[in-house]
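This report refers to the structure that appears directly beneath it.
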Amino acid sequence: MKEFYRMKIAGVERDLPLCPLNDKLKIAAFVIFGDVELTVKSAEALSKLLPEHDIMITAESKGIPLIHEMARQTGENEYIVARKRAKLYMKDVFTVNVNSITTSGAQTLCIDGKDKEKMTGKRVVIIDDVISTGESLLALEKLVEQAGGEIVGKMAILAEGDAKDRKDITYLSYLPLFDAEGNEI
């Protein structure tokens, strides 16, 4: 039984551990936290594909190092992070619910009223680490639309499973799903 999936992402090879989602399906865990080389190289590759935009947004939490590095590399001074819950400093909060395959139960994504102002009438690019079912992406789309922003791009490092067939996203590499034995589906 296979325990890892080796892949090349933005020129960097990594062994991704295979984790059971249920008794018939495994996913390869892709975590950029703490991996500076992978984050920098992925941000570099995605930044070359960025459409004209005014601001970028991501969901807490694994997209944060990626969007930060993309903003740094492109000379942008701001980006938006949709938080998993409203914080004390947030005013006029916009909220949507999301069901992600990597998190049990429903999640909430929130933005502050000031973030809304940054998107109103602006061209917005949504950034994520992995797009799989598209639930997190859909929640971010709803937040941008509620804020009056125009989505001009949806980008991720990886498209997992059927997400590879989506025509509305830009991604660097395909990440397959795996059966219980660790074989690609």
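The values are calculated or read from the model by the stated rules, or taken from the named source; none is laboratory data. Note that the structure is predicted; figures quoted are calculated from it, not measured. Virtual Cβ from ideal backbone geometry, glycine too; neighbours counted across all protein chains shown. Calculation scope for accessible area: heavy atoms of the full protein, side chains included, ligands and nucleic acids excluded. Shrake-Rupley method; radii C 1.70, N 1.55, O 1.52, S 1.80 Å.
Structure data summary
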| item | result |
| --- | --- |
| The stretch 126-140: number of residues that are at pLDDT 95 or above and over 11 Å from the mean Cα position of the chain (by Cα) | 0 |
| Criterion (part of a strand (DSSP E or B) and closer than 22 Å to Val152 by Cα) met by exactly one of Ile27, Ile57 | Ile57 |
| Residue among Ala106, Ala71 that alone is in contact with a strand residue (DSSP E or B) (Cβ under 7 Å, 6 or more places away or on another chain), open to solvent by 50 Å² or more (accessible area, probe 1.4 Å) and small (Gly, Ala, Ser) | Ala106 |
| Close pairs (6 angstrom Cβ cut-off, 6 or more residues apart or separate chains): touching a residue at least 40 places away in the same chain (Cβ under 8 Å) in the stretch 156-185, small (Gly, Ala, Ser) and assigned to a loop (DSSP other than H, G, I, E, B) anywhere | Glu160/Ser132; Leu172/Ala10 |
| Qualifying residue in the stretch 97-114 (condition: within 26 Å of Leu177 (Cβ to Cβ), among the hydrophobic types (A, V, I, L, M, F, W, C) and assigned to a strand (DSSP E or B)) | yes |
| Yes/no for Leu138 being open to solvent by less than 30 Å² (accessible area, probe 1.4 Å) and more than 25 Å from Val36 (Cα to Cα) | no |
| Residue match in the stretch 35-42 (condition: closer than 24 Å to Pro17 by Cα and in contact with a Gly (Cβ under 8 Å, 6 or more places away or on another chain)) | yes |
| Subset of the stretch 2-30 (residues that are among the hydrophobic types (A, V, I, L, M, F, W, C) and within 22 Å of Ala180 (Cβ to Cβ)) | Phe4, Met7, Leu16, Leu18, Cys19, Leu21, Leu25, Ile27, Ala28, Ala29, Phe30 |
| Residue in the stretch 85-97 that is farther than 19 Å from Gly134 by Cα and either at pLDDT 95 or above or among the small types (Gly, Ala, Ser) (or both) present | yes |
| One residue from Gly148, Gly182, Gly153 being part of a loop (DSSP other than H, G, I, E, B) and touching a Ser or Thr at 6+ places or on another chain (Cβ under 9 Å) | Gly148 |
